[in-house]
Amino acid sequence: MNWESLIYDFITYVIFAYSVTLLIFYLLIAIYSTGDARRYMHKNSFTDYKTLVSSPHVPSISILAPAYNEGATIIENVRSLLSVYYSNLEVVIINDGSKDDTLQKLIDAYDLEKMDFFVRQQVPSKDVRGVYKSRNPVFRKLVVVDKVNGGKADALNVGVNIASNNYIVCIDVDCVLEQDALLKLVKPFIEETEVRVIATGGVIRIANSCLIEHGKLLKVRLPLQYLPRMQVLEYIRAFLLGRMAWSRLNGLLLISGAFGAFDKDIVIKCGGYYHNTVGEDMELVVRMRRYLEERNIPYKVAFIPDPLCWTEAPASYKILARQRNRWSRGTIETLQMHKKMFFNPRYGVLGMLSYPYWFFFEMCAPAVEFIGFVALLVMSFFGMINWGTFVLFLFFIISFGYTYSAFAVLMEVLTYNQYKRRTDVMKLLLTGLTEPFLFHPFVVWHGVKGYIDLIRKKKSWGEMTRQGFGQPPA
Amino acid sequence: MNGTLLYFQSTFKTSFEEYITPELLLNGVLLFTSITLSLVLFTYIYLGLKKKKFLVKDRIRKNLELWISHVILEEDDEEVIRIPSKFIKIFRNPLARQYAIDNLIINKKAFSGMVASNIRNLYQHLGFRKDSLRKLKSRTWYVQAKGIQELSMMDQNDQLIRVYRLTNSKNELVRTEAQTAIIQWAGFNGLRFLDVVSYAISEWQQVQLLVQLKNFTPQDMPKLERWLSSKNSTVIIFALKLVEVYQQFGIRRKVEECLLHQKEPVRRQAINTLLKIGDETSAEILIRAYNDEDYANKISILRALAVFANETHFPFLVAELSNSDDHIKLEAARALGAIGGVGVLDQKAAVQPEPYALIAKHIKAELLL
């Protein structure tokens with residue numbers, strides 16, 4: 001056996017072992033998630049949310065919604081948040097030093113006045129320029145904070161300092177919430193009696209092409225454009241299968257920054273959002289979990305499969321590239337900060353399973369795939385490729401991917417069935433067929449570019465221009 | 001097929017092929033492709049069945065709704081309900097029966113008085129009670145819970161003893177539905193399950209029970225004191241909430257005893273309850289408890305002091321103004337503001353403007369709102 005075959009064997013076996021382990025994980029995730037989703041659906045069918053929503057005994061919640069240059073849509077967005085059904089609610093809009101007229105529009109529309117306000121410095125944040133409230137009792141739930149620009153994490157920290165309630169719901173200001181979303185999201189906190197629930201996440205759905213009027217979702221439609229439609233499938237897989245399974249194992253590392261609820265007390269004890277990462281949502285959950293693990297306090301990060309929040313997904317390759325680049329950097333930064341937990345039995349499921357899974361199959365995946373691709377090119381140049389093995393192996397992986405996607409679509413149909421038309425389901429499945437050839441390579445490439453940007457110490461979020469609801473697709 | 005396999009076999013030249021044979025990979029591809037196609041087929045069969053179910057439901061709805069509303073609204077309570085022959089056939093279908101039960105439950109929630117009574121009669125006359133009783137006997141937790149829910153919504157009070165036994169079931173959903181049913185049937189008297197429940201009553205369930213109790217005229221709760229001494233801390237918390245909501249001033253001393261309970265959530269609820277039923281003497285008791293309390297309870301005590309502290313408590317609150325924690329500072333200032341101590345805040349601000357000048361302004365702005 002010469003060195004060439006040694007290299008060949010090494011690469012072949014490593015990639016094969018990696019793929020098989022990943023496939024086994026996916027299989028287990030798919031199987032494990034179904035039981036929990038089924039149990040949740042049965043249990044949830046008994047709850048009459050309408051009768052509970054007006055109860056004064058439900059816990060009070062503060063919604064924290066950072067806004068940066070949202071002048072075009074801010075009034076509509078705030079109206080949508082204020083119209084959510086929940087009795088004990090405070091809506092805190094944090095204007096993160098917008099350069100446009102976001103603040104002025106809010107002042108005019110909601111009859112706001114600047115108040116003398118003592119900001120409790122419970123977690124570090126940049127200076128607050130002013131706190132505004134309305135004298136109009138209709139808008140008594142609304143608090144608008146104007147602050148020096150400091151990024152999303154900093155804006156959320158200001159929100160934590162301002163919030164007057166024990167549970168905080170962090171949300172992207174342009175998200176559209178289901179009417180009973182808050183009650184469903186807060187339920188796990190007060191339903192659990194054995195352990196402390198520190199955070200809850202719900203399913204995020206893609207709102208592109210949906211009919212939305214006055215901040216309310218009127219009709220669910222499958223996105224007309226390719227990229228958002230592809231992301232519908234991606235989100236169904238991630239939320240309905242992945243997060244349900246990890247939540248059942250109590251190994252969930254990520255609550256989406258677009259919509260998640262947190263126990264404010266633990267957030268403050270952990271020091272709030274960390275400014276120096278672009279993956280502040282994941283980093284906070286990991287830090288909260290680590291804090292409780294290190295103190296041996298029983299806890300849980302919950303996840304519910306209800307579609308609670310609708311958001312606009314990137315519809316252009318440029319914006320999607322920025323998003324995936326940022327997600328890649330955020331994951332690496334978070335895992336790097338908490339590397340102490342890697343295969344550390346002290347952290348239980350978190351250290352022995354969740355962290356290693358994220359390390360190998362979320363963080364390293366773009367690198368492994370990219371290296372595999374480069375190796376393929378080099379080896380084919382030197383005539384070292386066994387094309388028979390390669391083609392069969394490729395088909396094997398692709399066919400598994402299709403199975404996983406088909407299973408995710410079936411789960412969606414069996415549970416919430418948002419896309420009711422048979423043609424929509426077919427379109428979704430057919431879009432999935434293109435994933436290995438178009439969407440996936442694009443996402444992998446921008447994940448790799450995220451690595452490069454991280455090495456170059458790039459810290460920016462990248463502008464996430466949104467098309468806006470009700471706008472025709474470009 | 002054999003030709004393809006031979007091709008792949010001839011190209012495998014390394015040790016890899018010893019373990020991962022082309023047959024294995026090809027079989028894997030075929031397996032996953034078959035599973036994918038089966039999943040897609042199943043998805044479409046399911047969608048088809050769902051559509052069929054919807055159409056059946058729609059047909060039943062059209063047939064039933066008019067008749068049900070007529071029977072509910074027009075028929076006399078005592079009059080014998082005649083079932084049209086076409087419905088006898090329809091109700092042989094379990095889907096139709098369940099749909100009709102669900103429909104009656106929705107209507108029952110919306111109506112009261114004679115109409116509600118007619119809905120109950122209709123439920124019994126159509127033999128749906130038997131369906132609910134069958135569900136009650138089921139060993140599947142969600143079916144059993146569904147049976148309890150149906151019987152409770154349809155006022156089948158004769159099942160009270162059977163369902164009462166389930167108020168301490170090991171299954172959470174069965175337990176909570178049974179507790180809800182007992183309240184539905186017996187109102188405040190149904191709270192007797194608090195005597196026996198050994199499992200925790202979640203805060204969520206407590207909210208549901210309180211919402212449900214609002215439908216009944218408040219009654220004496222002679223066992224309240226006993227519940228406040230329960231071994232189950234969640235029973236104590238719920239009893240404290242009952243004291244708070246129904247203003248049971250007579251057992252204030254017992255509530256004050258709960259301030260010394262070993263469990264922090266009990267003490268916190270006791271503080272919140274005292275906030276609603278306490279008097280000027282409660283301020284002293286809370287201040288005595290303050291130093292031994294955790295952070296969250298300290299905040300709760302300061303909020304309670306905003307309600308019943310007086311000038312004699314200024315020194316305590318002024319001392320807390322100097323606490324290193326901003327939240328405690330602000331709550332102490334809020335309490336001072338609420339009991340007429342704005343002047344004290346101004347004095348503090350004059351001596352030490354940073355941060356007290358802003359705190360004083362904040363409190364004044366809040367008082368103006």
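The table for this structure:
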| item | result |
| --- | --- |
| Angle in degrees between helix A:152-162 and the longest Cα principal axis of chain A, rounded to the nearest 10 | 30 |
| P(r) histogram, all alpha-carbon pairs of the stretch A:291-390 included - 5 Å bins from 0, percent | 2, 10, 12, 13, 15, 15, 13, 10, 5, 3, 2, 0 |
| Computed helical MRE - 222 nm, chain A, DSSP H runs ≥ 4 contributing -39500 (n - 2.57), nearest 500 | -15000 deg cm²/dmol |
| Cα-based Rg of the protein assembly as shown normalised by 2.2 N^0.38 Å, two decimals | 1.07 |
| Label point distance in nm, A:K269-A:L430, each placed 7 Å from Cα along Cα→Cβ | 5.4 |
| Angle between chain A longest axis and helix A:226-235 axis [Cα atoms, degrees, rounded to 10] | 90 |
| Calculated log₁₀ intensity ratio I(q)/I(0) where the Debye formula runs over C-alpha points of the stretch B:56-126, q = 0.26 Å⁻¹ | -1.31 |
| Straight-distance crosslink candidates among aspartates and glutamates, where the alpha carbon sits under 13 Å from B:K364 and sequence neighbours closer than 8 are dropped | A:D116, B:D346 |
| 17 Å Cα-Cα reach of A:K427 towards aspartates and glutamates, excluding residues that sit fewer than 8 places from it in its own chain | A:E234, A:E412, A:E435 |
| Taking N as its residue count, the alpha carbon Rg of the stretch B:113-263 over 2.2 N^0.38 Å | 1.13 |
| Cβ-Cβ FRET estimate between A:V349 and B:D220, R0 fixed at 35 Å, reported to 0.05 | 0.10 |
| Dimensionless Rg/Rh of the stretch A:142-194 - Kirkwood Rh, Rg from C-alpha atoms | 1.02 |
| Square roots of five times the Cα gyration tensor eigenvalues for the stretch A:103-241, Å | 31, 22, 16 |
| Under 19 Å from the Cα of A:K105 - lysines, other chains or at least 8 residues apart | A:K114, A:K133, A:K141, A:K147 |
| Relative contact order (%) - chain A, alpha-carbon pairs under 8 angstrom, separation at least six | 17 |
| Cα pair distances of chain A binned at 20 Å [whole percent] | 23, 57, 18, 2, 0 |
| Ratio of the Cα radius of gyration of chain B to 2.2 N^0.38 Å, where N counts its residues | 1.55 |
| Peptide A:210-221 - average C-beta neighbours from other chains (10 Å radius) | 0 |
| Using a Förster distance of 41 Å, the FRET efficiency for B:L49-A:S316 (Cβ separation, nearest 0.05) | 0.55 |
| In degrees, nearest ten, helix A:181-191 long axis to first principal axis of chain A (Cα) | 80 |
| Inter-label distance for A:S164 and B:R165, nm, one decimal - labels placed 7 Å from Cα along Cα-to-Cβ | 5.1 |
| Formal net charge of residues neighbouring B:T281 (Cβ-Cβ distance under 13 Å; K, R +1; D, E -1) | -1 |
| Chain B: relative contact order as a whole-number percent, Cα under 8 Å and 6+ apart | 6 |
| Cα gyration tensor of the stretch A:1-156 - equivalent ellipsoid semi-axes, whole Å, descending | 47, 28, 14 |
| Neighbour net charge for A:P441 - beta-carbon separation under 15 angstrom, K R +1, D E -1 | -1 |
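All of the numbers you see were taken from the coordinates with simple rules; none came from a lab. Quick caveat: nothing in here was measured; it's all calculated off a predicted structure. Glycine gets a Cβ as well: all are built from the backbone with ideal geometry, and neighbour counts include every protein chain shown.
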